[in-house]
Amino acid sequence: MSDASNSSVVWRGTAVSLSLLVVFLAAWQWGPGLLGIPPFIIPPLSTVANEAVRMWHVSGLAYHTGITAAEVIAGFILGSLLGAFIGYLIGMSPTAEFALSPYILALQIAPKVAFAPLFILWMGFTVYPKILVAILIVFFPVMVNVLTAIRTVDPDLINLARAFKATRAQIFWKIEFPASLPPLFAGLRIGSTLAVVGVVVGELVGGNMGLGYLLAFGEGQANTAMVFVAIVMLTLVGGAAYLLVILIEQRVLHYLPKRAMSGF
Amino acid sequence: MSDLIRLEYRDVTMRFAQAGQSLTAVQGVNIAVRDGEVVSLIGPSGCGKSTLLNIGSGLTAPSEGQAFVDGERVEGPNAHVAFMLQKDLLLPWRTVIENVMFGVEIQGVAPAERRRRAQALLENLKLADFSGHYPHQLSGGMRQRVALARTLAVDPTVLLLDEPFSAVDAQTRMVLQRELAQTLKRAGKTALLITHDLLEAVTLSDRVLVMSRRPGRIIDEIAIDIPDRDDPLKRRTHPNVAGYVNRLMDRLDIGAVPA
């Protein structure tokens, strides 16, 4: 694809994207009224915006958003580190993979969010059970991607390094680790969005902090606008986490052809 | 070319276990390649050519017999041998010069010396302008030249080449063949070249060895008596080439077997 047609794709894409946003926001503002949908089902955009301002001043929206964001970041980082570490460890040892794979599979099939009540029983209404759910849910996509990457390194590449008398550590650091980075980042992208899911479920189940708490509180009050505000803020938190991963990925994987790394 | 033997296979036999039974890939192979000599190995697919290459580079041990490089018995990978495959095996996260330095880096050569060697090779192979590029920005022929530079950077006495140019287009192949021939001549390297291309075998080599179908044995040895081993393009036009190619076709039973 030439640069000229590439930039025209970007231009037209952006224009269409922005028009869609305007159409969506307009439909949100005036659609419910036109269709006769009452505000407690779908409150118009302006009501939700007013509610956001009220929550900012009265309900501590910034505080709760901050709590959720901190839990997401902590859960995401710890879950990713753990997933990557175990992925490399198992990837380097076929015996370990053989021995552990049934348990890993079982844990992977178990719905991770179902652990939330258990963790709250263990750790109380603190931030820790939420972080733990996020760790558990982020762990798997990262670990599986790293494991698959290590498994699929071209054996001829390993032989090439061996022919140069590479040590096991050199083979790992010079071939296996860098080769695993693109799949690792694919796993991190998925993990960054799943971390939000884990945290919110934890907050919904118990406690009086975070956007999940505001979500449950709004529901209890039949305050639909409040629920909408919480959903929007959660989406923003998830989006920010995802964007951060993309930015780091673009720095680390700068050697990949541009089109192989279409951002979003 | 001296009479010193650089690469030798002595009674090498290789068996693999496959589906519960033993399969003999190569049987009683004897090869001796002299210093500075280029020897080609041709034979039908699956005759164990690549097995011999793996044994020579120390990646696999033969079931019977021994391989020697520079008079030393091959007991594992060693610095005297380097191989190059059909696949370029370039690391996509390394620039061209970093890829060339891969082997010397593993061998622990000092950074300044690595860079000096890599730069000299890149210049010889007309790649100096691309030293900062990444592999995906290069053509197939250029990538294969980078692979050749990486192979030469460790300064091996013996090069094992497994169909190094079979993945590039015909014109690029001729250019690469000439570059290889000139490089081998200039550096005085010894090489064992595995190829399916009969013309490539004849134009690049001092000798051609023919292997049988499995279990692979050496069934013929043909000395190529044509001048200009460092210029395969010139050699191609020599009137005796056709005779050698015909003899190889004959020995390989090409035409008699269905493809």
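The values are calculated or read from the model by the stated rules, or taken from the named source; none is laboratory data. Note that the structure is a prediction, hence the values are computed from the model and not measured. Note that we place each Cβ from the backbone using ideal geometry, even for glycine, and neighbour counts take in every protein chain shown. SASA here: full protein model, heavy atoms, side chains in, ligands and nucleic acids out. Shrake-Rupley method; radii C 1.70, N 1.55, O 1.52, S 1.80 Å.
Just give me the residues in segment A:36-62 being of a type in the set (S, T, N, Q) and surrounded by fewer than 13 Cβ atoms within 10 Å (Cβ to Cβ), in sequence order.
A:SER46, the sole residue that qualifies.
Being open to solvent by 30 Å² or more (accessible area, probe 1.4 Å) and either out of contact with any helix residue (DSSP H, G or I) (no Cβ under 8 Å at 6 or more places or on another chain) or under 26 Å from B:PRO77 (Cα atoms) (or both) is the requirement here; does B:ARG247 meet it?
yes
Being modelled with pLDDT under 90 and more than 29 Å from B:ASP228 (Cβ to Cβ), is that true of even one residue in segment B:63-71?
Checked segment B:63-71: at least one residue is modelled with pLDDT under 90 and more than 29 Å from B:ASP228 (Cβ to Cβ).
Kindly indicate whether any position in segment B:99-108 is free of Cβ contacts under 8 Å to residues at least 24 places away in the same chain and either surrounded by 18 or more Cβ atoms within 10 Å (Cβ to Cβ) or away from every other protein chain (no Cβ under 11 Å) (or both).
yes
Only residues that are of a type in the set (Phe, Trp, Tyr) and closer than 20 Å to B:SER40 by Cβ: list them for segment B:1-26, please.
B:TYR9
Quick one: in segment B:219-244, which of the residues that are acidic (Asp, Glu) and touching a strand residue (DSSP E or B) at 6+ places or on another chain (Cβ under 7 Å) is most open to solvent (accessible area, probe 1.4 Å)?
Filtering first and then ranking leaves B:GLU221.
Report whether or not B:GLU113 is more than 14 Å from chain A (Cβ to nearest Cβ) and part of a helix (DSSP H, G or I).
Considered against the rule, which asks whether it is more than 14 Å from chain A (Cβ to nearest Cβ) and part of a helix (DSSP H, G or I), B:GLU113 comes out as yes.
For segment A:162-235, which helices (runs of 4 or more DSSP H) that fit wholly inside it have 2 or more residues that are over 15 Å from the mean Cα position of the chain (by Cα) and touching a residue at least 40 places away in the same chain (Cβ under 8 Å)?
Fully inside segment A:162-235 and qualifying: A:177-205, A:211-220.
Would you be able to tell me the number of residues in segment A:141-161 that are under 21 Å from B:LEU89 (Cβ atoms) and either within 10 Å of chain B (Cβ to nearest Cβ) or assigned to a helix (DSSP H, G or I) (or both)?
Looking only at that region, the number is 12.
Which one of these is more than 15 Å from the chain's Cα centre (by Cα) and under 20 Å from B:GLY46 (Cα atoms): B:ASP197, B:ASP253, B:ASP231?
Selected residue: B:ASP253, the only one of B:ASP197, B:ASP253, B:ASP231 that is more than 15 Å from the chain's Cα centre (by Cα) and under 20 Å from B:GLY46 (Cα atoms).
One residue is enough: does segment A:162-169 have a residue meeting the conditions at the interface with another protein chain (Cβ under 10 Å from one of its Cβ atoms) and among the hydroxyl-bearing types (Ser, Thr, Tyr)?
Scanning segment A:162-169 turns up at least one residue that is at the interface with another protein chain (Cβ under 10 Å from one of its Cβ atoms) and among the hydroxyl-bearing types (Ser, Thr, Tyr).
Out of all the residues in segment B:75-93, which are touching a helix residue (DSSP H, G or I) at 6+ places or on another chain (Cβ under 7 Å), open to solvent by 20 Å² or more (accessible area, probe 1.4 Å) and either within 25 Å of B:SER139 (Cα to Cα) or more than 8 Å from chain A (Cβ to nearest Cβ) (or both)?
B:LEU85, B:LYS87, B:ASP88, B:PRO92, B:TRP93
Say we look at segment A:149-161 and pick out the residues that are closer than 19 Å to B:MET84 by Cα and open to solvent by 10 Å² or more (accessible area, probe 1.4 Å); which of these is nearest to the chain's Cα centre (by Cα)?
A:VAL153
When only residues in segment B:10-55 that are modelled with pLDDT of 90 or more and part of a loop (DSSP other than H, G, I, E, B) count, which is surrounded by the most Cβ atoms within 10 Å (Cβ to Cβ)?
B:GLU37
Give me the pairs, please: first residue somewhere in segment A:97-113 and open to solvent by 80 Å² or more (accessible area, probe 1.4 Å), second residue anywhere and modelled with pLDDT of 85 or more, beta-carbon distance under 8 Å, and either six or more positions apart or on two chains.
Hits for this filter: zero, empty list.
Given the criterion of a type in the set (Phe, Trp, Tyr) and open to solvent by 40 Å² or more (accessible area, probe 1.4 Å), identify the matching residue among A:PHE185, A:PHE217.
After ruling out the rest, the residue left standing is A:PHE217.
Would segment B:31-53 turn up any residue that is touching a helix residue (DSSP H, G or I) at 6+ places or on another chain (Cβ under 9 Å) and within 14 Å of chain A (Cβ to nearest Cβ)?
no
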